[in-house]
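Working notes for the structure below.
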Amino acid sequence: MSTLTTGGTVGLGLKRVSATKEPDTKIKSYPELAILVDISSCIGCKACEAACQQWHDLTPPIMTPEEVVERKIAGYQSHPDLRPDLFMLMKFNEVETQRGFAWLITKYQCMHCREPGCLIACPSPGAVVQYQNGVVDFDHSKCIGCKMCLVGCPFDVPRYDSNNKPWKCNFCIDRVSAGLEPACVKTCPTQCLTFGFKEDMLEKGQKIVNALKERGYKNAVLYNPEGVGGTGYIYVLPHGDHIEDYSLPSKPHIDASIALWKGPLKTLGSFALWGAIIAAFLQLVIWGPIKVLGGKEEKEE
Amino acid sequence: MAVGSTKFPGEIERFSALDRILHWASAVAFLYCFFSGIGIAYPKFSWLLTVLGGGEFARWLHPWAGVVFSIGAILMFLKWARNMVLTSEDIAFLTRIKAYISGKHEELPEAGKFNGGQKLYAWVVFISAFLFFLSGIAMWFPENFDVGLVRWAVVLHTLTFIVAGAFTVIHIYMGTIGVPGSIWGMIGGKVSSTWAKFHHPKWYKEVRER
């Protein structure tokens, strides 16, 4: 993945880099990209999941019926959870809503937060990058395997391989940088997925939400959580009063503890340690070492 | 019998071989954790990771070194905790620490085998090892814990580092150039009688009376 990062400096432009000074974004500018997921037109066919695996050359093991029963997966879900070799997963939930029984489907993968918790938590310079188009990507060559990206993620997305390297959706950055749409979008048969500039996607999403409201889905919402600065995947959720039932957090945000340990605590640590070194040094030069009898000789008894 | 006094009349044993091995095993493990932790937490010091075997290796060894340190701390606790109970004299020592560091020795209460500062550091080590271990386990296996818990474990790990790290800087200074002669207690185990009488008069008397 490192070639992408290197190429990205000129090719895609970098917006943020983990544990590194913010890049100068005045040189290049590129508008934010997004994928609009219109759940109201999703039929749950999982073609996007298949296309994702095909494009990324992933072969997650197929679950046996026994495994499916054991793990209590309701209905149609292919796997219980994301895996290092499964970047996206269609999640299915059955719930009672105000409009009666509903089958809630969610396309679940990295959300490409514009304020990425993984990038903020990552201590290794350059291991997580965000391109100017908003896409968040990992660079395994710079990753030390500390798993802090999972700790920082508000959506519980990164999954680790046997070397503790994280894997997740990379928004098909290789396709996108070549002018193609992501594999999932390309394959979607119902145009539930749309790819384009974020501004346009927000506009289109809002139109669909308004139409849904007219059709009686009073709680329909456009899911673009502000707590993480908005996301690269935005969702039209017909049952906006059941966000959690879509397996999405209702108010995702970067946890206060992360800001605490990346900010004030690091400063405090610097002061405490340099302070201790300076204090020891001052003791040495002001009073000198604490010598026996102040340095005077005494005869052994 | 004064320990070793027949052979070396001017020296008395301060730390047994087992004490010394425990101390240095814990010390080496702690220092590895200390420097690799700084390298991981502070990008400006990520070059430390290169020195310690590379980022991936340092991140792999850090928790194992932590386990060694934790075991060392437990054993040191079992062996030394009784000697480390803080008395009112130790509190008096700590409140008048300025007299100690400025060489006005005579103003302070006589110290036993360990003075108030050493006892305080011992408790910093015992307690920090416990907190490092608890929070470290959550950070080592974040998938197996509630993510909210892991996030605050990082905060706890950092806070513990700040206290234990600053105290350790002082400990290393005092054990080497700050208090000349004390290093031999941990290297070879014997200190000069003069040193013992001056820095730990009560302990010196106890040893002599034995």
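Below is a table of values for the structure above.
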{"quantity": "Cβ-based charge dipole, region A:2-254, positive-most Cα from A:Val17, A:Pro65, A:Leu36", "calculated": "A:Val17"}
{"quantity": "Helical mean residue ellipticity (222 nm; -39500 (n - 2.57) per DSSP H run of 4+; nearest 500) of the protein assembly as shown", "calculated": "-14000 deg cm²/dmol"}
{"quantity": "Bridge type composition, region A:2-254 - antiparallel percent by DSSP, nearest 5", "calculated": "85 percent"}
{"quantity": "Angle in degrees between helix B:147-173 and the longest Cα principal axis of chain B, rounded to the nearest 10", "calculated": "30 degrees"}
{"quantity": "Average Cα contact separation per residue, chain A, under 8 Å, 6 or more apart, as relative contact order %", "calculated": "23 percent"}
{"quantity": "Percent RCO, i.e. relative contact order, over region B:1-126, from Cα pairs under 8 Å lying at least 6 residues apart", "calculated": "20 percent"}
{"quantity": "A:Leu284 paired with B:Thr176, simple spin-label distance in nm, labels 7 Å along Cα-to-beta-carbon", "calculated": "0.8 nm"}
{"quantity": "Entries in A:Lys15/A:Lys142; A:Lys142/A:Lys262; A:Lys107/A:Lys198; A:Lys262/B:Lys79 that, when Cα-Cα distance is taken, lie over 28 Å", "calculated": "A:Lys262/B:Lys79"}
{"quantity": "Relative contact order for region B:11-209, counting Cα pairs under 8 Å that sit 6 or more residues apart, in percent", "calculated": "27 percent"}
{"quantity": "Disulfide-incompatible cysteines by the Cβ rule (no partner under 4.7 Å) in the protein assembly as shown", "calculated": "A:Cys45, A:Cys52, A:Cys113, A:Cys122, A:Cys143, A:Cys146, A:Cys153, A:Cys172, A:Cys188, B:Cys33"}
{"quantity": "Extended-chain gain in nm, criterion 0.36 nm per residue less alpha-carbon gap, A:Asp200 and A:Ile277", "calculated": "22.2 nm"}
{"quantity": "For region B:127-210, average projected area of the Cα convex hull in nm²", "calculated": "7.8 nm²"}
{"quantity": "Interchain or long-range residues, amide H under 5 Å from A:Thr97's placed H", "calculated": "A:Ala102"}
{"quantity": "Antiparallel bridges, percent of DSSP beta bridges restricted to the protein assembly as shown (to nearest 5)", "calculated": "90 percent"}
{"quantity": "Top of B:Thr95, B:Thr168, B:Thr158 by mean-square fluctuation, Gaussian network on chain B, Cα under 10 Å", "calculated": "B:Thr95"}
{"quantity": "Prolate/oblate/rounded label for region A:16-168 (Cα gyration tensor, a/c 1.5)", "calculated": "prolate"}
{"quantity": "Cα gyration tensor shape of region A:92-229, rounded if a/c is under 1.5, else prolate or oblate by comparing a/b with b/c", "calculated": "prolate"}
{"quantity": "Compactness relative to 2.2 N^0.38 Å, alpha carbon Rg of chain A", "calculated": "1.31"}
{"quantity": "At R0 = 22 Å, FRET efficiency that the Cβ-Cβ distance of B:Val85 and B:Lys205 yields, to 0.05", "calculated": "0.70"}
{"quantity": "Dipole in debye (nearest 20) - region A:155-224, about Cα centre, beta carbon charges: Lys, Arg +1; Asp, Glu -1", "calculated": "200 debye"}
{"quantity": "Projected area, mean over directions - chain B, Cα convex hull, nm²", "calculated": "13.5 nm²"}
{"quantity": "Dipole of region B:11-209, positive direction: furthest Cα of B:Thr95, B:Val155, B:Ser135, with charges on the beta-carbon", "calculated": "B:Thr95"}
{"quantity": "D_trans [Stokes-Einstein, Kirkwood Rh over alpha-carbon pairs] for the protein assembly as shown, 25 °C, 0.890 mPa s, µm² s⁻¹", "calculated": "92 µm²/s"}
{"quantity": "Listed residues A:Val176, A:Val68, A:Val17, most fluctuating in chain A (Gaussian network, C-alpha, under 10 Å)", "calculated": "A:Val68"}
{"quantity": "Cα-centred dipole magnitude for the protein assembly as shown, charges only on beta-carbon of K, R (+1) and D, E (-1), debye, nearest 20", "calculated": "1160 debye"}
{"quantity": "Axial C-alpha extent at least 27 Å, average Kyte-Doolittle at least 0.5 - helices from chain A (DSSP)", "calculated": "A:264-286"}
{"quantity": "Acute angle (nearest 10 degrees) that the helix B:116-140 long axis makes with the longest principal axis of chain B, alpha-carbon atoms", "calculated": "20 degrees"}
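Every number here is computed from the coordinates shown, using simple stated rules; none is lab data. Everything quoted here is computed from the prediction, not taken from an experiment. We place every Cβ from the backbone using ideal geometry, glycine too, and count neighbours over all the protein chains shown.
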